[in-house]
Amino acid sequence: MPELSPASIINSVERVPLCPPGLTLVPEYLSPSVESRLATYFREEASQHWIRLSNRRVILYGLHFVSNGSGHRCYTRVIPDLIRQLAEQLVADGYQNQVANHILVNEYRVGQGIMPHEDGPAFLPNAAIISLLSGTVLDFYSKELTARSKPVASVYLPPRSLCMITEEAYTSYLHGIAERNADEGVPRSDRISLTFRYTAQLPEATREAAANQAPQAEALSHSSKEKRILQFLQRRK
Ligand SMILES: O=C(O)CCC(=O)C(=O)O
Ligand SMILES: [Fe+2]
């Protein structure tokens with residue numbers, strides 16, 4: 001896999017602070033060539049790693065949670081160099097304090113979305129979302145969600161943008177993407193997003209054991225571990 005130099009990753013560093021507080025948009029965070037390199041990676045090299053959910057498909061990299069009552073953590077796929085470089089760049093650019101150890105790749109076909117949810121206390125209150133191939137609207141909701149709740153804020157995430165959800169935007173609101181084909185007349189196309197988060201490290205001994213197991217996770221595309229994660233994600237969304 002070719003190395004990406006920082007200059008090729010970053011096209012612009014303009015930051016637009018938005019509401020709720022802690023929400024920031026960086027348009028054109030990626031250059032078009034990096035966007036297309038990443039999209040090709042997920043659609044071709046990593047095509048067998050997708051896990052299909054009812055309303056989208058996902059690839060899990062790094063440390064993830066399996067719900068077994070005690071919030072058990074396990075390693076899924078080893079984070080590929082290409083993605084790790086992006087995680088490191090987010091720290092180098094000052095968007096995150098820790099290199100993400102939990103990375104979720106989502107792919108939404110036109111018309112698909114994600115239910116309002118909170119990313120939750122398992123992670124540092126800092127989620128970095130990079131959008132590829134299509135824009136979409138991310139809606140924020142109050143935590144008192146009912147079937148009739150309307151978003152309290154909405155932000156358009158253009159392709160190649162970075163969206164930072166931190167502070168109040170992370171802790172006090174839910175976020176989600178409505179299932180529709182267009183946003184304010186702007187048609188959607190299929191979109192891939194990458195969400196970078198950090199969860200507190202495991203104790204050293206456990207971490208080593210987990211790291212040793214990671215190549216095995218790589219080899220087993222539909223291991224029982226992945227099935228449990230899949231069931232967990234389906235319950236959550
Ligand atoms: O795809 C997106 O932009 C949102 C993803 C998200 O909210 C998540 O992964 O928790
Ligand atoms: Fe989220």
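The values are calculated or read from the model by the stated rules, or taken from the named source; none is laboratory data. It should be emphasised that the depicted structure is a prediction, and the values quoted were computed from it without experimental measurement. Note: ideal-geometry Cβ built from the backbone for every residue, glycine included; neighbour counts use all protein chains shown. For accessibility, only protein heavy atoms count, side chains too; no ligands or nucleic acids. Shrake-Rupley method; radii C 1.70, N 1.55, O 1.52, S 1.80 Å.
How many residues, within segment 160-177, are of a type in the set (Ser, Thr, Tyr) and within 11 Å of ligand 1 (Cβ to nearest atom)? Within segment 160-177, residues that are of a type in the set (Ser, Thr, Tyr) and within 11 Å of ligand 1 (Cβ to nearest atom) number 2. Restricted to segment 121-144, and to residues there that are open to solvent by 10 Å² or more (accessible area, probe 1.4 Å) and closer than 26 Å to ALA200 by Cα, the residue that is modelled with the lowest pLDDT is ALA122.
Tally up the residues in segment 46-56 that are open to solvent by 50 Å² or more (accessible area, probe 1.4 Å) and in contact (Cβ under 8 Å) with a residue 24 or more places away in the chain, please. Reasoning before the result, please.
We begin by selecting, within segment 46-56, every residue open to solvent by 50 Å² or more (accessible area, probe 1.4 Å); these are 47-48, 52, 54.
Right, trim to in contact (Cβ under 8 Å) with a residue 24 or more places away in the chain and you get 48, 54.
Result for segment 46-56: 2.
Residue check: is ARG180 touching a helix residue (DSSP H, G or I) at 6+ places or on another chain (Cβ under 7 Å), assigned to a loop (DSSP other than H, G, I, E, B) and more than 12 Å from ligand 1 (Cβ to nearest atom)? Taking the combined requirement at face value, the residue does not satisfy it.
Exactly one residue out of ASN181, ASN212 is modelled with pLDDT of 95 or more, more than 20 Å from the chain's Cα centre (by Cα) and not small (Gly, Ala, Ser), and it is ASN181. Taking only segment 16-36 into account, find how many residues are more than 16 Å from the chain's Cα centre (by Cα) and either at pLDDT 95 or above or part of a loop (DSSP other than H, G, I, E, B) (or both). Qualifying residue count for the region: 11.
Please work out if ALA147 is more than 14 Å from ligand 2 (Cβ to nearest atom), at pLDDT below 95, open to solvent by 10 Å² or more (accessible area, probe 1.4 Å) and closer than 25 Å to ALA100 by Cβ. Before the answer, list the steps.
Working: more than 14 Å from ligand 2 (Cβ to nearest atom): yes; at pLDDT below 95: yes; open to solvent by 10 Å² or more (accessible area, probe 1.4 Å): yes; closer than 25 Å to ALA100 by Cβ: no.
Here the answer is no, as ALA147 does not meet what is asked.
Screening LEU162, LEU230, LEU220, LEU157 for residues that are at pLDDT 90 or above, farther than 15 Å from GLY113 by Cβ and among the aliphatic types (A, V, I, L, M) leaves exactly one candidate, LEU162.
Restricting segment 113-133 to residues that are near ligand 1 (Cβ under 10 Å from one of its atoms) and assigned to a loop (DSSP other than H, G, I, E, B) leaves a set whose member that is nearest to the chain's Cα centre (by Cα) is ASP119.
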